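The values are calculated or read from the model by the stated rules, or taken from the named source; none is laboratory data. Just so you know, these numbers come straight off a predicted model, no measurement behind them. Glycine gets a Cβ as well: all are built from the backbone with ideal geometry, and neighbour counts include every protein chain shown.
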Ligand SMILES: Nc1ncnc2c1ncn2[C@@H]1O[C@H](COP(=O)(O)OP(=O)(O)OP(=O)(O)O)[C@@H](O)[C@H]1O
Ligand SMILES: [Mg+2]
């Protein structure tokens, strides 16, 4: 932890995402972000390997017979050694198939936040909304995150990701509207009126779904599809390139699934307050970033009647930091 972090006693916003963990701080009325990939890889322990990693200042920890390299350094190492990175989280919560998951997240959160500058410093951290009726491990995930943050001396409060987006993006409409975050493990959505959540839900078709499905039909690795998607993909109809076509097909499926879920969840809400005015819908998260996403999303939304009047549908100006910023704004309230 550097001096600036030690002196920072204000609240923090923390986005605990399936692929990235982002912290937001409020420095001189400007928001500052720091992030790490929520990923790791292991290499067999040897004294030499450990001293080389130390010398190169690589973020790592020895765990029994393994050296665990975590965060942004994991991706660099994966490229060098042609390994796949592993993920501590799956579909928005701790990955039940990864024995290292909790230890890795503890390390990454510790690196990003450091110890609280004063006992009880506030942190709002994002949690997913349930997919369907079942808990899906959210209670365990939330309790584990609370513990990690409390161990560091913070006073943690969970905030659902969709509501965090409302806080981060919809200040000009009095925190009334629909916030949607399209991430890697989930799309989270929240309809809020005057900052009070009226309905929240998540769907499991998001960035990882697109990578996995496109990889399955092209015979490629999901990681390679992800890199291509992030570097050069645009949602622009079918072409002669089969990888682009596969990404397009599953992007369209993800968008149809999300717009369908928005429609059906809002229609099914019986205690929907009477809205006098049309409300905005804002989209954020890494999965909204390819050119053409907003147009495809808007077209899918217009294809059938929508249960509330929308004043605008727009993309966040800073889609990767929106949840952390919103968690910070909620913590500052
Ligand atoms: N430029 C880009 N174009 C397309 N997709 C992108 C781009 N940048 C990131 N992504 C995708 O966005 C996803 C990560 O987004 P984000 O960081 O919002 O997710 P997360 O918050 O970690 O996950 P979740 O909210 O589901 O737990 C990944 O699927 C990644 O491949
Ligand atoms: Mg997210």
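So how many residues does the stretch 83-127 have that are within 27 Å of residue 223 (Cα to Cα) and part of a loop (DSSP other than H, G, I, E, B)? Count: 13.
Quick check on the stretch 8-48: of everything there that is free of Cβ contacts under 8 Å to residues at least 24 places away in the same chain and either crowded, with 19+ Cβ neighbours inside 10 Å or in a strand (DSSP E or B) (or both), which residue is farthest from ligand 2 (Cβ to nearest atom)? Only one residue tops the list, namely 44.
Would you point out which residue out of 114, 92, 120, 110 is closer than 30 Å to residue 8 by Cα and under 15 Å from the mean Cα position of the chain (by Cα)? Result: 92 is the single residue among 114, 92, 120, 110 that is closer than 30 Å to residue 8 by Cα and under 15 Å from the mean Cα position of the chain (by Cα). Restricting the stretch 270-280 to residues that are surrounded by 15 or more Cβ atoms within 10 Å (Cβ to Cβ) and in contact with a strand residue (DSSP E or B) (Cβ under 6 Å, 6 or more places away or on another chain) leaves a set whose member that is nearest to residue 187 (Cα to Cα) is 280. I'd like to check something: does the stretch 249-260 contain any residue that is at pLDDT below 95 and surrounded by 15 or more Cβ atoms within 10 Å (Cβ to Cβ)? No, the stretch 249-260 contains no residue that is at pLDDT below 95 and surrounded by 15 or more Cβ atoms within 10 Å (Cβ to Cβ). State whether one or more residues within the stretch 95-107 are touching a strand residue (DSSP E or B) at 6+ places or on another chain (Cβ under 8 Å), within 23 Å of residue 11 (Cβ to Cβ), within 16 Å of ligand 1 (Cβ to nearest atom) and at pLDDT 95 or above. Scanning the stretch 95-107, I find at least one residue that is touching a strand residue (DSSP E or B) at 6+ places or on another chain (Cβ under 8 Å), within 23 Å of residue 11 (Cβ to Cβ), within 16 Å of ligand 1 (Cβ to nearest atom) and at pLDDT 95 or above, so the answer is yes.
For the stretch 242-276, give me each residue that is within 22 Å of residue 194 (Cα to Cα) and either in contact with a helix residue (DSSP H, G or I) (Cβ under 8 Å, 6 or more places away or on another chain) or touching a residue at least 40 places away in the same chain (Cβ under 8 Å) (or both). Correct list: 262, 263, 265, 266, 267, 269, 271, 272, 273, 275. With respect to residue 255, determine if the residue is within 22 Å of the chain's Cα centre (by Cα), assigned to a helix (DSSP H, G or I) and in the same structural domain as residue 192 (by TED's automatic domain parsing). Here the answer is yes, as residue 255 does meet what is asked.
When 156, 197 are screened for being touching a residue at least 12 places away in the same chain (Cβ under 8 Å), assigned by TED's automatic domain parsing to the domain that holds residue 252 and more than 15 Å from ligand 2 (Cβ to nearest atom), only 197 passes.
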